[in-house]
Amino acid sequence: MRRVPLLSGSRIVHVPIDDEDVVLRPPPPSSAVDVAAAVRDALRFPLAGAPVSDLARRGARVTIVVEPPALPIPGAQIDPRQEALATVLAELTALGVTDDRQTILVAGGLAQKLGQRDLERLLPPPEAREYRGRVLVHDAAAEDLVPVSLSDDTDARIHRALVETDLVVVVSAAETILHGGPGALLSASDAATVRRAAAASSLLQAAGEPAWELALAVERAVASKVALTSVSLVLDHPRLTGRFRDYPHEPASLRHVSSSPFRRLYSLLPGGVRRTILRDQARAIAATAAFAGTPSVAHSEALLRAVELRAVRLAEPVDALAVGVPWIGPHAPREPLNPITAASVSLGLALRLWRDAFPVRDGGTLVLVHSLTRSFSHGPKDPYRRLLDALETEDVSAVSESERAAAADTRAVAAYRAGRTCHPLLPYADWAGCGPALSRLGRVIVAGSRDAVAARALGFVPGHSIASALEMAHGVSGGRARVGVLLAPPYSPLLVGGA
């Protein structure tokens, strides 16, 4: 019997496993590239389309589309996307597109708008101080969004900066089919269009996925109006750089964490202090490659490379999978978790980062390692409280009615537009992202649940501890379940089956 340390919010719990169980740990770090040099080379030799020197004529207007650095979780203080954006701005300036002709568009979809401090972190500090161009934060409820016709015979509305320009350059990292590349353009659309893409079955398989097709349709709509190119980075996992720099990819680091004399002291600290310690842990993300070209082409190539770089291989689906949930939510700016965002991280993110096959057998068990405590603060979390109230009724139609009411709630929309909270449709998009995994699982057991009412409202089974949750998983499997433990964060892509 072994014990594997796993993060549960800001706590560290130990998962007991047998020799036949599987520990899914991220691969070791890969070698990094010089981001500035890689981006410059990519812009000069794109995979598809013309080089940026042919697209950006002197004095042209250029819109540079970026996304808030929500993924990967938990992020890092050193992020190559900052250097990539600075390099693109410098290349445009060298081509005669001065600061006053450049517009940075932050496409955050339905998430709460970034504040001034977060916007300043989009660039390295020296470049942020020197930049004199415009910075616009996308508003998914703005009245001046531009209508466009999509190739799937539907309509969408996109940010005006995407059409009132001469060139659009998307600068992103290939995280999923919806994060980066054409997904960034989709995130610069109206709320209803962004909401349509929420229920993708897999975030890594583009073939036949309606959400990917929707992103491509938005890309084609933008390309029909202006010149369009992109830069897509291949990022490694966020890596700790201090005392625990080998965690979780080295087996010895698991023993180090378990036997550390500081672990017991850490567990006695208040939750707010633990979250501060975790937030301030030194982390870095390395870029291993950069590609340029039309957003869908560059992003697809970068995503393939990122999946191969960061993936964990699983020979066959497991009977039960234990997934830890971190102390922060899946959106930027970062907020503490509530029951819906905790479900979104585990079911909507971790269990949608698969390729070839779902990592848990049909009817299997997810052990969600988190307290699932309701921690709704006034303001930013009001939209989530509304959804949880609807879920507590256990009436399927109540959720749909609640979503329609949220979309029409002028006060909630006004609070989003003022930057005080997320769009009122974001909780429903988060919950819709959990649907594909829930449809395949037999049950979700909450290990260490401290709010049984919230767990049952989501349709989950509350459990007192990780040991009791695993006992339930073994029982429903007929005596002995093959258990997998996903060491996270960071969350690795899961390649199931094959060599």
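The values are calculated or read from the model by the stated rules, or taken from the named source; none is laboratory data. Since this is a predicted model, take the numbers as computed values, not measurements. Here Cβ is always computed from backbone atoms with ideal geometry, including for glycine, and neighbour counts include all displayed protein chains. Just the protein is used for accessible areas: all its heavy atoms, side chains included, with ligands, DNA and RNA removed. Shrake-Rupley method; radii C 1.70, N 1.55, O 1.52, S 1.80 Å.
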Inter-probe distance in nm under a simple model that places probes 7 Å from Cα toward Cβ, at residue 315 and residue 94: 5.1
Can you give the extra length, in nm with one decimal, that the chain gains between residue 146 and residue 308 once fully stretched, where that is 0.36 nm per residue apart less the Cα-Cα distance? 54.5 nm
Quick one: if the Förster radius is 51 Å, what FRET efficiency do residue 34 and residue 404 give, using the C-beta to C-beta distance and rounding to 0.05? 0.50
Check each of the trypsin sites (Lys or Arg not before Pro) in the stretch 1-98 and keep only those in coil by DSSP with at most 15 other C-beta atoms within 10 angstrom; list them in order. 57, 58
Would you mind getting me the FRET efficiency between residue 252 and residue 213? Use the beta-carbon distance for r and R0 = 41 Å, nearest 0.05. 0.35
What full-extension length gain, to one decimal in nm, is calculated for residue 3 and residue 452 as 0.36 nm per residue of separation minus the Cα-Cα distance? 159.0 nm
Please report, as a whole percent, how much of the solvent-accessible surface of the stretch 82-213 comes from carbon and sulfur atoms (probe radius 1.4 Å). 47
Got a sec? Charge dipole of the stretch 39-180, +1 on Cβ for Lys and Arg, -1 for Asp and Glu; which of 98, 176, 137 is way out at the positive end? 98
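Rolling a 1.4 Å sphere over the protein heavy atoms, what is the accessible area per residue of the stretch 59-130, to the nearest Å²?
39
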Given charges at beta-carbon only (K, R positive; D, E negative), |dipole| of the stretch 52-106 in Debye: 220
At a probe size of 1.4 Å, how large is the accessible area of residue 410, to the nearest 10 Å²? 110
Taking all protein chains as present, what is the carbon and sulfur share of the accessible area of the stretch 294-440, in % to the nearest whole number, probe 1.4 Å? 52
To the nearest 20 debye, the stretch 26-170 has a Cα-centred charge dipole, built from +1 on Lys and Arg Cβ and -1 on Asp and Glu Cβ, of 360
Figure the gain on full extension for residue 14 and residue 50 (residue separation times 0.36 nm, minus the Cα-Cα span) and round it to one decimal in nm. 7.7 nm
FRET efficiency (residue 136, residue 396; Cβ distance; R0 35 Å; to 0.05) is 0.35
Volume of the Cα convex hull of the chain, divided per residue and given in Å³: 140
How much accessible surface area, in Å² rounded to 10, belongs to the heavy atoms of residue 190 with a 1.4 Å probe? 20
Just report the Cα centroid separation between the stretch 128-180 and the stretch 444-472, whole Å. 41
Tell me, what does the Kirkwood hydrodynamic radius of the stretch 189-306 come to in angstroms if you use every pair of distinct C-alpha atoms? 18.2
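Calculate, for the stretch 149-249, the solvent-accessible area per residue in square angstrom, rolling a 1.4 angstrom probe over the heavy atoms of the protein chains.
32
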